[in-house]
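Data block below; observations after.
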Amino acid sequence: MGDLLLNPNGRIARNRFWQGLVILTVASLVVSSAVWLVHPLFDFLSLALIFPYICVYGKRLHDTGSTAWWVIAIWFGVVIIQVILFLILLFTVLPAMMSPEQRELWDEVMRLSDKGDTAEAMKGVEALLEQMQGLFQRTSLFVLVVANAAMALIIGFLKTEPRENKHGPVPTAVGNTFD
């Protein structure tokens with residue numbers, strides 16, 4: 001398992017890619033939950049997950065005959081998906097889940113924003129965030145999983161290069177010559 005998560009060299013078959021992503025996604029969820037439930041300093045642990053993500057995605061990209069530098073584009077893709085998904089949820093699903101008091105505060109924030117009173121609107125947003133902290137945390141975890149899954153599906157289903165390339169021999173999966 002250490003080679004999968006801590007060695008950026010070589011190639012991995014799809015099944016090993018999925019194994020690595022499941023482990024890293026669970027670790028990301030645990031760290032994100034610890035940030036909210038225990039202490040914000042746990043967010044530093046997320047930095048320790050960067051290298052294993054590079055290793056898993058990089059080796060999968062090597063398996064397709066691509067360079068691991070595409071990991072940078074993957075990260076941008078994940079961030080973009082997260083922002084878009086969170087904004088969609090923020091303006092559609094979350095207002096429907098608000099209590100009447102929270103909905104009234106949301107409507108006031110929107111009125112202040114429309115009038116151009118940004119300072120007062122931000123105060124309202126801060127008050128609303130404080131009231132809805134648990135809901136925002138669960139939504140953030142959902143967005144994290146969905147964005148990671150979307151990008152993983154794209155990379156995971158790329159076609160394996162069926163012959164040896166500059167990154168190494170074709171990885172073998174159980175029962176397969178190549179994946």
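What follows draws every value from the coordinates through simple rules; no lab data is involved. Every value quoted in this text rests on a predicted model; they were computed, and no experiment measured them. A quick note on method: Cβ atoms are made from the backbone with ideal geometry, for glycine too, and the neighbour counts reach across all protein chains shown.
Under 21 Å Cα-Cα from Lys115, which lysines qualify once same-chain neighbours fewer than 8 residues away are excluded?
Lys123
Contact order normalised by length for segment 2-156, with contacts defined as Cα pairs under 8 Å and 6 or more residues apart; what percent is it?
Answer for segment 2-156 is 26 percent.
Divide the volume of the convex hull of the Cα atoms of segment 2-156 by its number of residues and quote the answer in cubic angstrom per residue.
Per-residue hull volume (Cα only) is 128 Å³.
Using only Cα atoms and rounding to the nearest 10 degrees, what angle (0 to 90) does helix 133-156 make with the longest principal axis of the chain?
Tilt relative to the chain: about 30 degrees.
If each of Lys123 and Phe142 carries a label point 7 Å out from its Cα toward its Cβ, how far apart are those two points in nm?
Between Lys123 and Phe142, the label points sit 3.1 nm apart.
Using Cα centres only, tell me the gap between segment 74-106 and segment 1-43 in whole Å.
Here the answer is 25 Å between Cα centres.
List the lysines whose alpha-carbon lies under 29 Å from that of Lys159, not counting same-chain residues fewer than 8 positions away?
Lys159 reaches Lys59.
Excluding Leu94 itself, calculate the net charge of residues whose Cβ lies under 15 Å from the Cβ of Leu94, where each Lys or Arg counts +1 and each Asp or Glu counts -1.
Result for the neighbourhood of Leu94: -2.
Whats the longest run of the chain with zero trypsin sites (Lys or Arg not before Pro) that are DSSP loop and have at most 15 other Cβ atoms within 10 Å?
Between exposed loop sites, the widest span is 1-158.
Counting Lys and Arg as +1 and Asp and Glu as -1, what is the net charge of the other residues whose Cβ lies under 11 Å from the Cβ of Leu128?
Summing Lys and Arg as +1 and Asp and Glu as -1 gives -4.
Subtract the Cα-Cα distance of Leu37 and Ile84 from 0.36 nm times their separation in residues, and report this length gain in nm to one decimal.
14.4 nm
Helix-only estimate, please: 222 nm mean residue ellipticity of the chain, summing -39500 (n - 2.57) across DSSP H runs of length 4 or more and dividing by its residues, to the nearest 500.
Helices in the chain give a 222 nm mean residue ellipticity of -23000 deg cm²/dmol.
Could you work out which residue, out of Asp43, Asp117, Asp63, moves most in a Gaussian network model of the chain, that is, has the largest mean-square fluctuation with Cα springs under 10 Å?
Maximum among the listed residues: Asp117.
What's the magnitude of the charge dipole for the chain around its Cα centre, counting Lys and Arg as +1 and Asp and Glu as -1 at the beta-carbon? Answer in Debye, nearest 20.
920 debye
Between Asn7 and Thr172, 0.36 nm times their residue separation minus their Cα-Cα distance comes to what?
Full extension from Asn7 to Thr172 adds 57.7 nm.
Using only the Cα atoms of segment 69-179, what are the Rg and Dmax in Å?
21.6, 65
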